[in-house]
Amino acid sequence: MGNDPAKMKAEALSDFAKFIGPMKVRTMKAAGLDIIEDKREGVNVWDITGKKYIDCQTGSGIMNVGRRNPEIISALKKALDTYDIGVFLLCSKPKADLAKKLAGIAPGDLKCSIFGAGGGEANDAAIKIARGYTMKKEIIYTEKAYHGHTGFALSAIGRDAYKEPFEPLMPGFKMVPFGDIEAIRKTITADTAAIILEPIQGEGGINIPPDDYLPQVRKLCDDHEILLILDEIQTGFGRTGKMFASEHWGVVPDIMTVAKSLGGGIYPISATLFKEEIQDFFIPHPFIHLSTFGGSDLGCIVGMAVIDYIQKYDLAGHAELMGARFRAGFDALLKEYPSLLLDVRQKGLMMGLQYTNESIGPRMTKKLADRGVIAIYTGNDPSICRLMPPLVITPAEVDFVLDALSDAMKELSGEAGLGKND
């Protein structure tokens, strides 16, 4: 077959369909995103055929520091001269160093950490800790929530399609509408252990709560001796213009989960942070929650390099600036294409475009892919396009994405027989 990129791509897609999942290949092809990732750099990824894309999906926020960030890669290469993943039962300096660094940047008095390899695992740990520490069983979660597909976390996903094939799930989980404080108030009982929330729902469609919501949830938790778990897996590490999204509302959780961008797109790692008093649960149970690959020495070194990079280059501040540039473009599109674009949901570079109906999401995804932008509609709501580019995006790259959006909407409005301002 030689080195013909088209043939290499066809073979890779065929093997993926045969040995992993045919429907994933079909779905991605229908969306114009049957890409075989090859070169990666900054905000860009190249298909194996050489086509270049700006990645605005980034695994829902894995690549905050950019794809194949040279400084993060350098830290990993240097670590490989001495370290491997380490033995998870033993104490380790990289683990201690990363936990100390996380305590230094976390909101309020979140001081202690346990590590995992992925976000679902981090949320599993958070829920287990909440039940173990409080000796209560009920967990309140929200509609359209997304906390991962593992055991405890799956029970807290606010979408039935993810859960129904695996029922019965963990008992004791109660769902309420997101952003509705009265619904939480009515659902609390004497056996409520914790409330788990995303400060901004990602998979749910970039749902931003009312400004008084998180402070009121915090107060309810305090009044009823309930733990507040904030899932910052998508919102953390500068994504929303703050290091953590909870800082927008001045709320400190009892437990916070982080993952995705902590690994810099280079090495998987997650963490569950919690207040020092919760450590009491682990005194008689030091080995009650273990992860073979969680908090590996290599992963911890990468995590520290990621945090250093975010702070060194003020990526949170940059996200706020680039978010404002995006917003100016979005406002122009709202005026120009009201038949297609209904609303914009945004904090920093966590952005959602709400189209006027669900059919537009898949069509716009394909048209954007044709124009070199990866931007996928959300699983919970096809009328929402989620845009979460790397935080290192430049003004010129922001403008490229906005131009692609404008051009795609122009073409789509023409196909629908609609004028710009219809």
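The values are calculated or read from the model by the stated rules, or taken from the named source; none is laboratory data. Please read all numbers here as calculations on a predicted model, not as lab measurements. Please note: Cβ atoms are built from the backbone with ideal geometry, for glycine as well, and neighbour counts cover all protein chains shown.
Odds and ends about this structure:
- Looking only at the stretch 105-135, and only at residues there that are farther than 23 Å from residue 62 by Cβ and of a type in the set (Gly, Ala, Ser), the one that is surrounded by the most Cβ atoms within 10 Å (Cβ to Cβ): 130
- Among the criteria (1) under 22 Å from the mean Cα position of the chain (by Cα); (2) at pLDDT 95 or above; (3) over 26 Å from residue 38 (Cα atoms), the one residue 83 does not fulfil is (1).
- For the stretch 279-295, the tally of residues that are touching a strand residue (DSSP E or B) at 6+ places or on another chain (Cβ under 8 Å) and crowded, with 18+ Cβ neighbours inside 10 Å stands at 4.
- Within the stretch 252-278, being crowded, with 22+ Cβ neighbours inside 10 Å, of a type outside the set (Phe, Trp, Tyr) and more than 27 Å from residue 42 (Cα to Cα) holds for 253, 254, 255, 256, 272, 273.
- Here the strands (runs of 3 or more DSSP E) wholly within the stretch 2-104 that include at least 1 residues being surrounded by 18 or more Cβ atoms within 10 Å (Cβ to Cβ) and among the hydroxyl-bearing types (Ser, Thr, Tyr) are 52-55.
- Of residues in the stretch 170-190 being of a type in the set (D, E, K, R) and farther than 14 Å from residue 127 by Cα, the one farthest from the chain's Cα centre (by Cα): 186
- Total residues in the stretch 380-419, condition among the charged types (D, E, K, R), touching a strand residue (DSSP E or B) at 6+ places or on another chain (Cβ under 7 Å) and either buried (at least 22 other Cβ atoms within 10 Å of the Cβ) or modelled with pLDDT under 95 (or both): 1
- Looking only at the stretch 1-33, residues that are within 15 Å of residue 376 (Cβ to Cβ) and of a type in the set (Gly, Ala, Ser) come to 3 in all.
- Exactly one residue out of 290, 262, 273, 228 is in a helix (DSSP H, G or I) and either under 17 Å from residue 76 (Cβ atoms) or over 14 Å from the mean Cα position of the chain (by Cα) (or both), and it is 262.
- Taken together, the criteria exclude residue 271 from residues that are aliphatic (A, V, I, L, M), out of contact with any Phe, Trp or Tyr (no Cβ under 9 Å at 6 or more places or on another chain) and at pLDDT 95 or above.
- Single residue of 24, 51 found to be modelled with pLDDT under 95 and not assigned by TED's automatic domain parsing to the domain that holds residue 292: 24
- Filter result (in a loop (DSSP other than H, G, I, E, B), surrounded by fewer than 17 Cβ atoms within 10 Å (Cβ to Cβ) and not polar (S, T, N, Q)) within the stretch 185-217: 190, 191, 210, 211, 212
- Pick from the stretch 154-184, criterion touching a strand residue (DSSP E or B) at 6+ places or on another chain (Cβ under 9 Å) and small (Gly, Ala, Ser), ranking: surrounded by the most Cβ atoms within 10 Å (Cβ to Cβ): 156
- Some residue of the stretch 361-379 being within 24 Å of residue 69 (Cβ to Cβ) and surrounded by fewer than 18 Cβ atoms within 10 Å (Cβ to Cβ): yes
- Pairing each residue of the stretch 80-109 that is among the β-branched types (Val, Ile, Thr) with any residue that is in a loop (DSSP other than H, G, I, E, B), provided the two are 6+ apart or on different chains, yields C-beta distances under 7 Å for 85/293; 85/296; 105/243.
- A single member of 91, 112 is under 30 Å from residue 281 (Cα atoms) and out of contact with any helix residue (DSSP H, G or I) (no Cβ under 9 Å at 6 or more places or on another chain), and it is 91.
- Selection within the stretch 354-391 - assigned to a strand (DSSP E or B), within 24 Å of residue 211 (Cβ to Cβ) and either touching a Phe, Trp or Tyr at 6+ places or on another chain (Cβ under 7 Å) or of a type in the set (D, E, K, R) (or both): 384, 386
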